[in-house]
Amino acid sequence: MISAENPHKTASAQNLASPNHSDFQLVDYLTQRREVVEAALDKSIPVVYPEKIYEAMRYSLLAGGKRLRPILCIAACELAGGTIEMALPTACALEMIHTMSLIHDDLPAMDNDDFRRGKPTNHKKYGEDIAILAGDGLLAYAYEHVAIQTHQVPAERVLKVVARLGHAVAATGLVGGQVVDLESEGVEGITLSTLNFIHAHKTGALLEASVLSGAELAGADQQMRQRCSQYARNIGLAFQIVDDILDVTATSEKLGKTAGKDVEAQKATYPSLWGIPESQRQAQRLVEEAKAELAVYGEQAAPLMALADFITARKS
Ligand code: GRG
C-alpha cells in the first residue's frame, strides 16, 4: 500500500543519488525547471463545464512525477540556443501525452493498477469511463496546446514538432510498443530483440521525441539532431532498464506505484534476462555512450549530461 501522504509528489530531487557530471548543479536545475513546468501545467487546463472531466484530467496531470520529458525538451531547446518559452508549450504537451498513457496503461484492460504517482489511479478515483475520456481529452489537448500556445518559433518548426509527437504516440511508437507488450505477457522465452522493441516504442519513442522536439524548436542543425537522437535512444533504453530494476528493488512507497508488478504479471524484463548486476552495467554503459554523443558541445550540454546521469542514479 502507498501512504496517503503521497511521498512521490516531491520525490525527484530528493531521491537523486549524487550525480557525477562536472560542477553542474542538477538538483537546482531540476527544481527550477520543474517549478516552471508545474506552473505552466497548472495554467494549461482550466476547470469549466463539464467540471468532472477537467478535474479528472487535472487530477493525473498535476499529481507530481519527475517531469523528465518536459525537462529534457527544455534542456535540448536550450542546448540548441533556444529559450524556455519556446519549448514550454511542447514540454507541457509531452507531459499531457505521458500522463494520458499512464492513465490508459493503468486501466483494468491493460495493467490494472490501483496506484500511480502515490495516489489512486484515475479509474479508481473517477471510474473507467471517465478515465478513458480523461486520457483522450489530454491527448487531444496536447496537440492543440502546441499549435496555439507556441510563439516566437517559425510555423514550419511547430508543424514538424506536431508530426513528431504524432509519430511517437501512434502505432509507430507508444501504441505499437504497448501492443507487443500486451501480447508478450505470460509468454515464455521472450527474446532480447522483442524486449528492446517493446521499450524502444513504449518508453523510448516519447523520450526521443522530447529531446528532438526541443532541439527542433530552436532550429538545431542536422548534426545536432542526429547526436540528440542517439543520446535519447541510449537514455531511453537505460531509463527502462533502471525502471525494471526498481520494480524489483524499490518499495511501492518509493515508486508511488505498486512494486513487483512485472514478476506478478510474468513480464519479461531486463533483470529477468540478464540479472540485476548486468542490467546495472548495461544501463551505465548506455548512459556513458549517451553523454559521449554530446561531449562535443561542452558546457552547453551540461544539463543533458547530468540528466543522463540522473537516469541511472534515480531511486523512483
Ligand atoms: C498514446 C494513444 C496512446 C495510447 C497509450 C497505454 C499505452 C498506449 C502505452 C503505455 C505507455 C507506458 C505507460 C509506458 C511506460 C513508460 C514509463 C517507464 C513510465 C514511467 O515514467 P516515469 O518514471 O513516470 O517518468 P513519472 O510518474 O515520474 O512521470
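Bear in mind that the values in this text are calculations on the coordinates, not laboratory data. Here the structure is a predicted model, which is why all the values come from computation and not from measurement. Please note: Cβ atoms are built from the backbone with ideal geometry, for glycine as well, and neighbour counts cover all protein chains shown.
Subtracting the Cα-Cα distance from 0.36 nm times the residue separation, let me have the gained length for Asn112 to Lys315 in nm, one decimal.
On the way: separation 203, 0.36 × 203 = 73.08 nm, distance 2.33 nm.
Roughly 70.8 nm would be gained on extension.
Here Lys66 is the anchor, and the aspartates and glutamates within straight C-alpha reach of less than 12 Å, apart from those fewer than 8 places off in the same chain, are Glu35, Glu38, Glu95.
Run the Debye formula on the Cα coordinates of the range 82-124, all scatterers equal and no solvent, and tell me log10 I(q)/I(0) at q = 0.15, 0.28 1/Å. Debye output, listed in q order: -0.46, -0.90.
In a shell of Cβ-Cβ distance under 14 Å around Arg58, excluding Arg58 itself, what net charge do Lys and Arg (+1) and Asp and Glu (-1) give?
0
Extension gain for the segment Val175 to His151, taken as residue separation times 0.36 nm less the Cα-Cα distance, is 5.7 nm to one decimal.
Modelled spin-label separation between Val296 and Lys160, with each label point placed 7 Å from Cα along the Cα-to-Cβ direction: 1.7 nm. Longest exposed-loop-site-free stretch of the chain, with GluC sites (Glu not before Pro), DSSP loop and at most 10 other Cβ within 10 Å? The segment 6-187 is the longest one with no such site. The convex hull around the C-alpha trace of the range 84-166, projected and averaged over every direction, spans 5.8 square nanometres. Remark: the range 81-199 carries a charge dipole of roughly 520 debye about the Cα centre, counting +1 on each Lys and Arg Cβ and -1 on each Asp and Glu Cβ.
On a full-extension model of 0.36 nm per residue, what is the gain between Gln226 and Glu185, subtracting their alpha-carbon distance, rounded to one decimal in nm?
11.4 nm
The orientation-averaged projection of the convex hull spanning the C-alpha atoms of the range 39-131 amounts to 6.2 square nanometres.
Grab the alpha carbons of the range 177-301, take their convex hull, and tell me the volume per residue in Å³.
Working: hull volume 15.3 nm³, N = 125.
Normalising the Cα hull of the range 177-301 by residue number yields 122 Å³.
The charge dipole of the chain, taken about the Cα centre with unit charges on the Cβ atoms of Lys, Arg (+1) and Asp, Glu (-1), comes to about 380 debye, rounded to the nearest 20.
With all pairs of separate Cα atoms included, the range 204-278 yields a Kirkwood hydrodynamic radius of 14.1 Å. The largest-to-smallest principal axis extents of the Cα set in the range 110-209 are 51, 37, 21 Å. Running Debye on the chain with equal point scatterers at the Cα sites and no solvent, what base-10 log of I(q)/I(0) appears at q = 0.12, 0.15 Å⁻¹? Scattering profile of the chain, log10 relative to I(0): -0.77, -1.28.
Only aspartates and glutamates eight or more places from Lys52 in sequence, or on another chain, were considered; those with a Cα closer than 18 Å are Asp42, Glu128, Asp129, Asp136.
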